[in-house]
Amino acid sequence: MIHVIKTIESILPTLLTHESAWKGIYADSEKPHLKRLWMQWYQYRICLHHFTECGVNEEFPHPHPWAMAVHILEGTYSMGLGRGSNLDVPPALTYREYKVGDYYEMLGADEWHAIRPLGSEAVTIMVSGPPVYPENRARSNKPTRELTSLERSELFKRFRSQYHL
């Protein structure tokens, strides 16, 4: 999946000029809170994420119903990693720190993670494939509303600056 995200990043400057193609959500049912711009691109979903500050042990452990890759664009975060074959949180998470420029991928149904920005925020791009692990869909940070016009504008500006637009 990392090769896919790098391919998408090569065309992202063009995709960012088509604001109406992007949907925006705000999710604050779990921490860290998340602002997301996303669009479908063939079988992939491109997500531009802005995570807010989150205290130690407040982060939301979860699996994903898809394979995915992430590139850290701003900030640093601690990510708890674990394995579990059902929707019970794995008994122990091991933690790793990711910084600007790092890429990582999650490819299996039993992979869990929990993100906590180390500082006030983190900004990432995530690319995911189609859902292939439907058993993981039950746990998710539920969107609570669409992004406001101002929030959308601020996120577009932030991501455009990442790609020198």
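At a glance:
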read-out	value
Exposure rule at most 15 other beta-carbon atoms within 10 Å, DSSP loop trypsin sites (Lys or Arg not before Pro): the chain longest free segment	1-98
3J(HN,Hα) from dihedral phi, the stretch 11-18, Karplus parametrisation 6.51/-1.76/1.60, rounded to Hz, x for glycine, proline	10, 4, x, 5, 4, 5, 7, 9
Pairs of Cα atoms farther than 15 Å apart, the stretch 1-94, %	69 percent
Among 127, 85, 54 - extreme Cα towards positive end, dipole of the chain, charges at beta-carbon	127
Contact order relative to length of the chain, as percent, for alpha carbon pairs under 8 angstrom and 6 or more apart	32 percent
Restricting the stretch 33-89 to GluC sites (Glu not before Pro) in coil, as DSSP defines it, with at most 13 other Cβ within 10 Å	58
Student exercise, the chain dipole from Lys, Arg, Asp, Glu Cβ charges, in Debye to nearest 20	360 debye
Mean Cα-pair separation over length for the stretch 1-66, i.e. relative contact order, pairs under 8 Å, 6 or more apart, %	23 percent
Given [x] 44, 32, 30; [y] 43, 36, 26; [z] 41, 40, 34, the label whose value is Cα extents along the principal axes in Å derived from this model	[x]
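Each value in this text was obtained by applying a stated rule to the coordinates, not by laboratory testing. Predicted model, so just to flag it, every value in this text is computed and none were measured. Here the Cβ is made from the backbone with ideal geometry for all residues, glycine too, and neighbour counts use every protein chain on show.
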